[in-house]
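The values are calculated or read from the model by the stated rules, or taken from the named source; none is laboratory data. Computed from a prediction, not measured in an experiment: that's the story for all the values here. Virtual Cβ from ideal backbone geometry, glycine too; neighbours counted across all protein chains shown. Side chains are part of the model used for accessible areas, which takes the heavy atoms of the whole protein and leaves out ligands, DNA and RNA. Shrake-Rupley method; radii C 1.70, N 1.55, O 1.52, S 1.80 Å.
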Amino acid sequence: MKFNGYLKLRIGEALDLKPTKFSTRHSLIFNKAPAALDPYVVVKVDDYKIGQTHTKQKTNMPTYNEEFCLNVNDGRLIELAVFHDTPIGYDDFVANCTIQFEDLIETSNTGKTFEGWMDLEPEGKVYIHITLTGSFTDDDALLKEKTYKQFTRTRQGAVRRRIHQVNGHKFMSTFLRQPTFCFHCKEFIWGVFGKQGYQCQVCTCVVHKRCHQLVVTVCPRMKKTAKEQPINQGFSINIPHKFTIHNYKSPTFCDHCGSLLWGIVKQGLHCKMCKMNVHIRCKGNVAPNCGVNNVELANKLAEMGLQAGGISKRNTT
């Protein structure tokens, strides 16, 4: 279902925001506790940026009370993405959530409003207030030109990267500063300039751009609720790895984040069963898929007409 009409969205406050494992991946080396966030919320409709809130300094429980109003043409979903405002480089992803317009049909033209807490992935929640005035059309309706007003920002490049969500992973294009191998196909990620690959902002795994839609493992840092598990799980893999500290005698790369295992002794962890090698810091981010060939599994799912996450292509045609 597509929505055409007037959208009024108010962002109240956010709670329990935490920095991702990606942004704190080096804190273990320097034994530093994560600092408080400088969060702001970006509002999008169908990947078009509508605006963003002001940045709140040094707090994991920001209060915004900011309102966004616009006319929507053939809108499908609303995305709220929280970022941490960094002084240098790209802003760090914190969490996000999506709201389907079709889930808000009851609030359209009835004088009712949607008001309440929305869970963010992977951590936190945000309080929002939504009012819709307009109509809904079927997916068979003709597409129309989207003309949204773009709100500018001094450091607009800091939020240009799109969030690609696959099986709970939050992939964003990333510049790789050292030789890196793909988590999915295990091949080298080539490139010197620009953004060579995609990295999950939650569990830190790195993949080729061509491989990010083929990742079959569920992000282990994804928030899990008891209500969603029996409904969304078509099949699951839960074979834990048996990691032990290992001394590597030759240069070895992490099979999760793809970067080199640095050090002279005890550089990383080695699985006794599937021979997987990972950083000590990456152990908690590795999915329990010991012995599973991700490439072969993705190919078999494609032969069955399935995409990553168990979504049938036949149902979308």
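Solvent-accessible area of LYS170, all protein chains in place: 10 Å² (probe radius 1.4 Å, heavy atoms, ligands and nucleic acids excluded).
For the residue pairs LYS21/LYS195; LYS2/LYS44; LYS223/LYS300; LYS170/LYS195, the alpha carbons lie more than 22 Å apart in LYS223/LYS300. Length gained on full extension, GLU102 to LYS242, computed as 0.36 nm times the residue gap minus the Cα-Cα distance: 46.0 nm. Compared with the alpha-carbon gap, the fully stretched path from ASN299 to GLN57 is longer by 82.5 nm at 0.36 nm per residue. Label-to-label distance for PHE114 and ILE280 is 4.6 nm, based on points extended 7 Å past Cα in the beta-carbon direction. For HIS246, HIS84, the ranking by accessible surface with the largest value first comes to HIS246, HIS84, using a 1.4 Å probe. Given R₀ = 22 Å, what would the calculated FRET efficiency be for ILE88 paired with GLU66, taking r from the Cβ atoms and rounding to 0.05? Efficiency, from the Cβ-Cβ distance: 0.25.
Calculated FRET efficiency, TRP262 to LEU15, Cβ-Cβ distance, R0 = 41 Å: about 0.65 to the nearest 0.05.
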